[in-house]
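First the structure, in the form of structure tokens, and then the observations on it.
Computed from the coordinates by the stated procedures, all read-outs in this text should not be read as laboratory data. Keep in mind it's a predicted model, so treat the numbers as computed, not measured. Cβ placement follows ideal geometry from the backbone for every residue including glycine, while neighbour counts extend to all protein chains displayed.
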Amino acid sequence: MGWIALLLLAAAAMAALVLLRVDRLLWSMVGAALMLGAAGYAWQGSPMLAASPAQPDRLRVAEDPSLVDLRERMLGRFTADAAYLIAADAMSRAGDTRSAARAILGGLNRYPQSLMLWTGLGTTLAMHDGNQLSPPAVFAFQQAIRLAPEHPAPLFFLGLAQVRAADYVAARRSWARALALSPAQASYRRDIAVRLALLDRLLAERG
């Protein structure tokens, strides 16, 4: 395909020379330029390879908007530390989980006792590590649990990371504990219960 495009370009250039009535003395200069370009392409290009669309440097990370809504109902939204998570969400949606983690770490430098930011850091690090619970991600979740041992959010999002890592038995324990810690009147209690029921069905099917 590369050679065909190059030949078409040369033909178009010659046609333009004729139509524009360029002095024939200049034709040799144009021809030399075209030949130089062809030689460079043959040397450094890959004319025999089929064309293919360019691929982005990073894969986009699919994000469920309902999880953001659930997180905000569990941990709040209109707080100073939440602004760092909102920025990190935008970076994660663009596939830049490294920058997302850095944004959250910047927030933790200012709010080191933020339950919201430690929970978000655990989730973001797990995503950055290919949905695997790496030691840094586990540490972040543990810090969140240490800060608020009776809050369901760290356990729920730990369970979510465990599901993404295909560790369904551990996820079941985390979600069961998160449900037990959820107040009866909390708007998010049903969300956790539904996910736990679906996980139980999956575990039953797997035997």
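Of the candidates Arg172, Arg201, Arg146, the single residue that is out of contact with any Ser or Thr (no Cβ under 8 Å at 6 or more places or on another chain) and crowded, with 18+ Cβ neighbours inside 10 Å is Arg172. Restricting the first member to segment 165-185 and to residues that are assigned to a loop (DSSP other than H, G, I, E, B), and the second to residues that are of a type in the set (A, V, I, L, M) and surrounded by fewer than 18 Cβ atoms within 10 Å (Cβ to Cβ), the beta-carbon pairs closer than 9 Å and six or more apart or on different chains are Ser182/Ala193.
Here's a check for you: in segment 130-160, which residue that is of a type in the set (A, V, I, L, M) and not in a helix (DSSP H, G or I) is nearest to Asp96 (Cα to Cα)? It would help to see each step written out before you state the result.
Taking segment 130-160 and keeping what is of a type in the set (A, V, I, L, M), we get 133, 137-138, 140, 144-145, 147-148, 153, 155, 158, 160.
Next cut, not in a helix (DSSP H, G or I) only: 133, 148.
Numbers: Leu133: 18, Ala148: 29 Å.
Once the filter is applied, the top-ranked residue is Leu133.
When restricted to residues that are under 22 Å from Val169 (Cβ atoms) and either within 16 Å of the chain's Cα centre (by Cα) or assigned to a loop (DSSP other than H, G, I, E, B) (or both), segment 117-129 contains 6. For segment 123-140, the criterion of a residue being crowded, with 17+ Cβ neighbours inside 10 Å, in contact (Cβ under 8 Å) with a residue 40 or more places away in the chain and not charged (D, E, K, R) is satisfied by at least one position. Considering (1) within 24 Å of Ala176 (Cβ to Cβ); (2) of a type in the set (Ser, Thr, Tyr); (3) surrounded by fewer than 20 Cβ atoms within 10 Å (Cβ to Cβ), the lone condition that Ser99 does not fulfil carries the number (1).
Among the residues of segment 141-157, those identified as among the hydrophobic types (A, V, I, L, M, F, W, C) and either touching a residue at least 24 places away in the same chain (Cβ under 8 Å) or in contact with a strand residue (DSSP E or B) (Cβ under 7 Å, 6 or more places away or on another chain) (or both) are Ala144, Leu147, Ala148, Ala153, Leu155, Phe156, Phe157.
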